[in-house]
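Reading through the structure tokens given below for one structure.
FYI, it's all coordinate maths here, none of it is from the lab. Bear in mind that the values here come from a model prediction, so they are computed numbers and not experimental data. Positions of Cβ are generated from backbone atoms using ideal geometry, with glycine treated the same way; all protein chains shown enter the neighbour counts.
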Amino acid sequence: MTHAIRIHELGGPEVLRWESVDLGDPGPGEVRIRHAAIGLNYIDVYFRTGLYPGPERPFTPGMEASGVIEAVGEGVADLGAGDRVAYASGPLGSYAERRLMPADRVVPLPDSIDDATGAAMMLKGMTAQYLLKRTHPVQAGDTILLHAAAGGVGLIACQWAKLLGATVIGTAGSKEKAELARAHGCDHAILYNDEDFVERVREITGGRGVSVVYDSVGQATFMRSLDCLAPLGHIVSFGQSSGPIEPLNVGILSQKGSLTLTRPTLMTYTASREDLLATANDLFDVVGSGKVKIEVGQTFPLADARRAHEALESRATTASTVLLPDT
């Protein structure tokens, strides 16, 4: 018997229940993991509310964690009991003290990276990796706009984009968050509650605009983000924390300068074992070298996941948030 957060009905943070669950031995191709730390991500909110369709209820949310393998199932050759591992992938179920997980979705965690950092960085860090190096490969001399620059993905992406030689413009909701973004490589932090971010981007870029906008906010920023782009610019919509984007007349993209739009997901970019390991190892390299630092802004007991979700949705969190089991 172990414990996990379970969702019996969709809704607000109050639907997150701490319950006892039965957990058997790993089947073929599976491992059983004892979690040391669990990552909190906005996608967890999407599954909790039903914005993204989840599994049959009741289910345990969560896609990211670090821990130790307790047992391996038949056919698992490259992982063993006692290995430190991390993951950021489906199936859902990381909000648990222990869980079963497909072995091909789990990667060894280097000794240079502690458990909390491992749980805080996998989904956000691999997201930053594919955004900056595959979706729109950032080149030295590029100027980019990154919304939510003080968030979990934002702080990692700011540092990594600077490492790649870009000028980083970021948006933030408070002076404190703006300062945090600047401390992590953001060259120009725009307070979107006090300033018109389109006007500021145009001012900073001498009227030209940026080559790419990375937008995880969605409804509140998407249409105006198009006005921040230079001709032939690229808008990368990878989240919707403010709500879903309204249906788009694609003709607007041509009217605003032959723009391109994509809506990528980490799951697509890491669908193969080869891509997963390459993405994770690239992340491990930049974090292990100290060139990109992972900030854990706050922690909550796993059993108190409701409070963590309330803080996340009220924009009271900065950097990454980690849930800690008792075991």
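Things to note:
- This ranking places H3, H136 by how few other beta-carbon atoms lie within 10 Å of each, fewest first, which gives H3, H136.
- Potential extension, L10-D304 segment - 0.36 nm per residue separation minus Cα distance: 104.1 nm
- Under the convention that each Lys and Arg Cβ holds +1 and each Asp and Glu Cβ holds -1, the size of the dipole of segment 1-93 around its Cα centre is about 260 debye.
- Ranked packing of 285-293, 142-150, most packed first, by mean Cβ within 10 Å: 142-150, 285-293
- Fewest-first ranking of Y52, Y42, using other Cβ atoms within 10 Å as the exposure measure: Y52, Y42
- Candidates A120, T143, V153 compared by Cα position along the dipole of segment 105-167: farthest toward the positive end lies T143, with charges placed on Cβ.
- With Cα atoms, 0 to 90° folded angle of helix 273-288 axis to the chain main axis: 70
- Ranking T270, S254, V217 by Cα position along the charge dipole of segment 207-295, where only Lys, Arg, Asp and Glu carry charges on their C-beta atoms, puts S254 farthest toward the positive end.
- Rounded tilt (10° steps) of 152-163 against the dominant C-alpha axis of the chain: 60
- Unsatisfied cross-links (Cα-Cα over 27 Å) in the set K124/K291; K175/K291; K256/K291; K256/K293; K133/K293; K124/K177: K256/K291; K256/K293
- Förster radius 30 Å - calculated FRET efficiency between Y52 and R273, Cβ distance, rounded to 0.05: 0.80
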